[in-house]
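Asker: Supplied in structure tokens, the structure appears directly below.
The values are calculated or read from the model by the stated rules, or taken from the named source; none is laboratory data. All values derive from a computational prediction rather than experimental measurement. Here Cβ is always computed from backbone atoms with ideal geometry, including for glycine, and neighbour counts include all displayed protein chains.
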Amino acid sequence: MSLFIAKRALSCLITIFIIITASFFTVRLAPGSPFSSERDIPPEVLNNLKAKYGLDQPIEKQFVHYLENLLQGDLGLSTKYPRSVNEIIAISLPKTLQLGTIAVLWALLIGISAGVFAAIRQNTAWDYSFMAIAMIGISVPSFVLGPILILVFSLYLYWFPPGGWGSFEHMILPGITLGTVYAAYIARLTRAGMLEIIRTDFVRTAKAKGLKESYIIWKHVMKGGLIPTITYLGPAIASMMTGSVVVEKIFNTPGIGPYFVDAAFNRDYFLIMGIVIVYSTFLLGMNFLVDLLYGYLDPRIRYD
Amino acid sequence: MTPLISVKGLKTYFRTDEGLVKACDNISFDVNPGEILGVVGESGSGKTVASMSILRLIAEPPGYFDGGEIIFEGKNLLKLSMKEMREIRGNKISMIFQDPMTALNPFLKIETQLTEVLVQHKSMSLDKARAKCIEMLKKVGVSLPERRLDMYPHQLSGGLRQRMMIAMALLCRPSLLIADEPTTALDVTIQAQILELIKSINQEFNTSVILISHDLGVVAGMTNRLVVMYAGKIVESGLTEDIFNKPSHPYTKALLNSIPRIDKEQKQLDPIPGLPPSLSSIPTGCPFHPRCAYAVEKCKTTYPETAFITSDHISKCWEVSRL
Ligand SMILES: Nc1ncnc2c1ncn2[C@@H]1O[C@H](COP(=O)(O)OP(=O)(O)OP(=O)(O)O)[C@@H](O)[C@H]1O
Ligand SMILES: [Mg+2]
């Protein structure tokens, strides 16, 4: 088990290193430069700027330098904003994480309960309506759902603020907007997974033993039935926790999402790299957790 | 002797896309206290459906009971509520299944799967239930029971798993054990051990057993009485001895000729020609007539009346006298 963890941790590190290398050079290869938008920069000023960010060095040197700084936890300076990348992430990421937490909770709560309920009421009106709603949830994009929620719950009902940041209420609508599509997927996956287990011989055995239906669902069906959902949860939670550019723009959330787009437009090399590293660490970390969860859920899986 | 359980005119049908499947069509049989009743028939003849009907484990829909009754302890099981039925399942009537590889939950420890029966039916504490399970595992010949309880099904061999199933079924000392092809999925040597175990349970606990098999050889030495099923119907029933000595239905005869026997000289084994019919398009008259060497014109049109060979040996064949 600990050998498995060590192996997986090592492979995560290698993956991250590959991602860093690939994105470092891809970003540099893209046409344009951090300073190309600001016209009329005298050559000597440009040279000064380049020197400030170390961009005057040969690219291999820059890369080595970047890695050295990274190992000390230094993500470099933003070329656009008068801040270090560390500062920008430290300020914006927590907000995105809070919003992501709301989205994850919403997606899990709604998705799993709807999925389980639809499965145990298979082929009833409940089942059909839940799955129809889930289908809508999957098809409606967040740039449509967000404005609808604002319209109904802010402008009409005055329940929640339409955007901005500051209190718990501010997180609700963006959280729901972000989480709904995941909730819908989770509901469908959960239903399918539960149904697959409900049809097995061992559930028939459980019934033949005279166990109560609620107990059978909870004890005999849940564990196996949730495995497809858990598989999906790795990447899903990672992408909810790292937020969404669209949702953060709609609700004017000062999260990390908008920075990513801006950074890409501005060729803000170090900010792009910083955000890429945050995103990929999250994704790899979540998948790692999911692999561990599998072992807990399914005793047949052995780590070796 | 009043029978322990009495199945009368049971009709278990399924509505399917291919039409109505009469998986059990007017099935009647009794199980007496302490006896082993064999149910034999080819694949698809309705043996499993008949036994699942007793425990009301048939999925409704697509299945439904079109008629009949199943009398157990003075009550008609087909009329009980699901709650009343739960109190019988695993408690008074237990069932073990064909494939012990899939019948146990791979996600749960053996201990959980055994103790939950006692917790449910006898409201036992987990400690007490565990002790009881260990005792039962010893009785069914599981060595190192404490260790096995901590294992998951995939860590056990097929034979051990079936022993676990049997232990699980016996925990509440049921008066009836339904064993649906309990050895089909096992190695031959293990098969014999499991059958021996079922027989000893029958004698030690006085548990009645319904032993389902498609193999007449398996039931020959095990059972007191036999029921032979074909295409959802019972075509012959009686004392096992009588049926082996004087098979009184062409299908039973054919089944007997298709298994090796040591008590009679055989020139060769004869497989039954043709295939069992699809239950959604059963031939008219006697369902066996297309495969029957004795069939006459009447067999094609009219279902046979009951022929009594002795008072409790009956056959559904027009041509009994020619067999
Ligand atoms: N849920 C169901 N829906 C539709 N038809 C069913 C269902 N369950 C059983 N049947 C039909 O009932 C018939 C009898 O099946 P059953 O499983 O009782 O046969 P069996 O005698 O136990 O055969 P085997 O020896 O293969 O176990 C089959 O034709 C099967 O197709
Ligand atoms: Mg069967």
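Asker: Which is away from chain A (no Cβ under 14 Å) and either of a type in the set (Val, Ile, Thr) or free of Cβ contacts under 8 Å to residues at least 40 places away in the same chain (or both), of B:54, B:27? Walk me through how you get there before you give the answer.
Answerer: Details: B:54 fails: away from chain A (no Cβ under 14 Å).
Every option except B:27 fails the conditions.
Asker: Then there is this: Given the stretch B:112-220, what helices (runs of 4 or more DSSP H) lie entirely inside it while holding 2 or more residues that are within 14 Å of chain A (Cβ to nearest Cβ)? Give the steps one after another, and end with the answer.
Answerer: Values: elements: B:126-139, B:145-149, B:158-170, B:188-205, B:216-220.
Where helices (runs of 4 or more DSSP H) fall fully within the stretch B:112-220 and carry at least 2 residues being within 14 Å of chain A (Cβ to nearest Cβ), they are B:126-139, B:158-170.
Asker: Here is a list of conditions, (1) modelled with pLDDT of 80 or more; (2) over 30 Å from residue B:17 (Cα atoms); (3) in a loop (DSSP other than H, G, I, E, B), and residue B:261 meets all of them except one; can you say which number that is?
Answerer: The failed condition is (1).
Asker: Checking residue B:169 against (1) farther than 30 Å from residue B:124 by Cβ; (2) buried (at least 21 other Cβ atoms within 10 Å of the Cβ), which test does it fail?
Answerer: With (1) farther than 30 Å from residue B:124 by Cβ; (2) buried (at least 21 other Cβ atoms within 10 Å of the Cβ) applied to residue B:169, the lone miss is (1).
Asker: Restricting to the stretch B:288-301, count the residues that are under 16 Å from residue B:250 (Cβ atoms) and hydroxyl-bearing (Ser, Thr, Tyr).
Answerer: Taking the stretch B:288-301 as the starting set, the residues that turn out to be under 16 Å from residue B:250 (Cβ atoms) are B:288-300.
From the residues that got through so far, the ones that are hydroxyl-bearing (Ser, Thr, Tyr) too are B:294.
Number of matching residues: 1.
Asker: Another question about this same structure. Can you pull out the residues in the stretch A:110-122 that are free of Cβ contacts under 8 Å to residues at least 24 places away in the same chain and either within 13 Å of residue A:229 (Cα to Cα) or surrounded by 20 or more Cβ atoms within 10 Å (Cβ to Cβ) (or both)? Steps first, answer last, please.
Answerer: At the first step, the residues of the stretch A:110-122 found to be free of Cβ contacts under 8 Å to residues at least 24 places away in the same chain are A:113, A:117, A:121.
Within the stretch A:110-122, just A:113 meets the criteria.
Asker: What pairs come out if I take residues in the stretch A:197-216 that are within 8 Å of another protein chain (Cβ to nearest Cβ) and pair them with residues that are of a type in the set (Val, Ile, Thr) whose C-beta lies under 6 Å away, six or more apart or interchain?
Answerer: From the stretch A:197-216, the pairs are A:201/B:102; A:206/A:216; A:209/B:117.
Condition check ((1) within 14 Å of chain B (Cβ to nearest Cβ); (2) surrounded by fewer than 23 Cβ atoms within 10 Å (Cβ to Cβ); (3) in contact (Cβ under 8 Å) with a residue 40 or more places away in the chain) across all residues:
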position	(1), (2), (3)
A:223	yes, yes, yes
A:245	no, yes, no
A:249	no, yes, no
A:256	no, no, yes
A:263	no, no, yes
A:267	no, yes, yes
A:284	no, yes, yes
A:293	yes, yes, yes
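Asker: If residue B:107 satisfies all but one of (1) in contact with a Gly (Cβ under 9 Å, 6 or more places away or on another chain); (2) within 25 Å of residue B:138 (Cα to Cα); (3) more than 7 Å from chain A (Cβ to nearest Cβ), what's the number of the condition it fails?
Answerer: Unmet condition: (3).
Asker: Scanning for something within 16 Å of ligand 2 (Cβ to nearest atom), within 17 Å of the chain's Cα centre (by Cα) and more than 11 Å from every other protein chain (Cβ to nearest Cβ), does the stretch B:93-100 turn up at least one residue? Quick ask: steps written out before the conclusion?
Answerer: From the stretch B:93-100, those within 16 Å of ligand 2 (Cβ to nearest atom) are B:95-100; that's our starting set.
Among the residues that remain, those that are also within 17 Å of the chain's Cα centre (by Cα) are: B:95-100.
Next, from what is left, pick out any that are more than 11 Å from every other protein chain (Cβ to nearest Cβ): none.
No, the stretch B:93-100 contains no residue that is within 16 Å of ligand 2 (Cβ to nearest atom), within 17 Å of the chain's Cα centre (by Cα) and more than 11 Å from every other protein chain (Cβ to nearest Cβ).
Asker: Still on this model: How many of the residues in the stretch A:5-24 are in contact with a helix residue (DSSP H, G or I) (Cβ under 6 Å, 6 or more places away or on another chain), farther than 14 Å from residue A:275 by Cα and either of a type in the set (A, V, I, L, M, F, W, C) or loosely packed, with under 12 Cβ neighbours inside 10 Å (or both)?
Answerer: The qualifying residues number 1.
Asker: If a residue must be touching a residue at least 40 places away in the same chain (Cβ under 8 Å), among the hydrophobic types (A, V, I, L, M, F, W, C), surrounded by 16 or more Cβ atoms within 10 Å (Cβ to Cβ) and farther than 25 Å from residue A:117 by Cα, how many such residues does the stretch A:130-159 contain?
Answerer: Final tally of qualifying residues: 1.
Asker: Just need a number here: residues in the stretch B:231-261 that are among the aromatic types (Phe, Trp, Tyr) and either out of contact with any helix residue (DSSP H, G or I) (no Cβ under 9 Å at 6 or more places or on another chain) or surrounded by fewer than 22 Cβ atoms within 10 Å (Cβ to Cβ) (or both).
Answerer: Restricting attention to the stretch B:231-261, the residues satisfying the condition of being among the aromatic types (Phe, Trp, Tyr) are B:244, B:251.
With the extra rule that they be either out of contact with any helix residue (DSSP H, G or I) (no Cβ under 9 Å at 6 or more places or on another chain) or surrounded by fewer than 22 Cβ atoms within 10 Å (Cβ to Cβ) (or both), the set shrinks to B:244.
Counting residues in the stretch B:231-261 that are among the aromatic types (Phe, Trp, Tyr) and either out of contact with any helix residue (DSSP H, G or I) (no Cβ under 9 Å at 6 or more places or on another chain) or surrounded by fewer than 22 Cβ atoms within 10 Å (Cβ to Cβ) (or both) gives 1.
Asker: If we scan the stretch B:19-36, do we find a residue that is within 14 Å of ligand 1 (Cβ to nearest atom), aliphatic (A, V, I, L, M), touching a strand residue (DSSP E or B) at 6+ places or on another chain (Cβ under 7 Å) and not in a strand (DSSP E or B)?
Answerer: Residues of the stretch B:19-36 that are within 14 Å of ligand 1 (Cβ to nearest atom), as a first pass: B:19-25, B:27.
Now restrict to residues that are aliphatic (A, V, I, L, M): B:20-21, B:23, B:27.
Filter once more, so that each one left must be touching a strand residue (DSSP E or B) at 6+ places or on another chain (Cβ under 7 Å): B:20-21, B:23, B:27.
Add one more test, that the residue is not in a strand (DSSP E or B), and what stays is none.
Checked against the condition, which is being within 14 Å of ligand 1 (Cβ to nearest atom), aliphatic (A, V, I, L, M), touching a strand residue (DSSP E or B) at 6+ places or on another chain (Cβ under 7 Å) and not in a strand (DSSP E or B), the stretch B:19-36 yields no hits at all.
Asker: Against the definition (within 16 Å of ligand 2 (Cβ to nearest atom), at pLDDT below 80 and part of a loop (DSSP other than H, G, I, E, B)), how does residue B:269 come out, yes or no?
Answerer: Answer is no for this residue.
Asker: Looking at (1) at pLDDT 90 or above; (2) farther than 30 Å from residue B:60 by Cβ, which is the only condition residue A:143 fails?
Answerer: It fails just one condition, (1).
Asker: Give the residue, chosen from A:14, A:19, A:112, that is among the β-branched types (Val, Ile, Thr) and out of contact with any Ser or Thr (no Cβ under 6 Å at 6 or more places or on another chain). Don't jump to the end; show me each part of the working.
Answerer: Details: A:19 fails: out of contact with any Ser or Thr (no Cβ under 6 Å at 6 or more places or on another chain); A:112 fails: out of contact with any Ser or Thr (no Cβ under 6 Å at 6 or more places or on another chain).
Checking each option against the conditions leaves just A:14.
Asker: Would you check which residues across the stretch B:177-220 are charged (D, E, K, R) and either on the phi < 0 side of the Ramachandran plot or loosely packed, with under 15 Cβ neighbours inside 10 Å (or both) and list them?
Answerer: We begin by selecting, within the stretch B:177-220, every residue charged (D, E, K, R); these are B:180-181, B:187, B:196, B:199, B:204, B:215.
Within the stretch B:177-220, B:180, B:187, B:196, B:199, B:204, B:215 qualify.
Asker: Check A:174, A:162 and return the single one that is assigned to a loop (DSSP other than H, G, I, E, B), in contact (Cβ under 8 Å) with a residue 40 or more places away in the chain, closer than 30 Å to residue A:99 by Cβ and more than 13 Å from chain B (Cβ to nearest Cβ).
Answerer: Numbers: A:174 fails: assigned to a loop (DSSP other than H, G, I, E, B).
From the options A:174, A:162, the qualifying one is A:162.
Asker: Could I ask something else about it? List the pairs whose first member sits in the stretch A:76-93 and is at positive phi, whose second member is in a helix (DSSP H, G or I), and whose Cβ atoms are under 6 Å apart, counting only residues at least 6 apart or on separate chains?
Answerer: A:76/A:85; A:76/A:270
Asker: If you scan the stretch B:209-230, which residues turn out to be of a type in the set (A, V, I, L, M, F, W, C), within 16 Å of ligand 1 (Cβ to nearest atom) and modelled with pLDDT of 90 or more?
Answerer: First pass over the stretch B:209-230, keeping only residues of a type in the set (A, V, I, L, M, F, W, C): B:209-212, B:216, B:218-220, B:222, B:226-229.
Imposing the further condition that a residue be within 16 Å of ligand 1 (Cβ to nearest atom) reduces the set to B:210-212, B:216, B:218-219, B:226-229.
Within the stretch B:209-230, B:210, B:211, B:212, B:226, B:227, B:228, B:229 meet the criteria.
Asker: Sticking with this one: Quick check on this structure: which one of B:61, B:33 is within 13 Å of another protein chain (Cβ to nearest Cβ) and of a type outside the set (Asp, Glu)? Spell out the reasoning first.
Answerer: Working: B:33 fails: within 13 Å of another protein chain (Cβ to nearest Cβ).
After applying the criteria, what remains is B:61.
Asker: Still on this structure: Residues in the stretch B:302-313: is at least one under 20 Å from residue B:22 (Cα atoms), surrounded by 22 or more Cβ atoms within 10 Å (Cβ to Cβ), modelled with pLDDT of 85 or more and more than 16 Å from ligand 2 (Cβ to nearest atom)?
Answerer: no
Asker: Looking at (1) surrounded by 20 or more Cβ atoms within 10 Å (Cβ to Cβ); (2) within 17 Å of the chain's Cα centre (by Cα); (3) at negative phi; (4) not aromatic (Phe, Trp, Tyr), find the lone condition where residue B:90 falls short.
Answerer: Of (1) surrounded by 20 or more Cβ atoms within 10 Å (Cβ to Cβ); (2) within 17 Å of the chain's Cα centre (by Cα); (3) at negative phi; (4) not aromatic (Phe, Trp, Tyr), only one is false for residue B:90: (3).
Asker: Also, quick follow-up: State all residues of the stretch B:42-67 that are farther than 18 Å from residue B:16 by Cα, at pLDDT 90 or above and either more than 13 Å from ligand 1 (Cβ to nearest atom) or part of a loop (DSSP other than H, G, I, E, B) (or both); if no residue qualifies, say none.
Answerer: B:55, B:56
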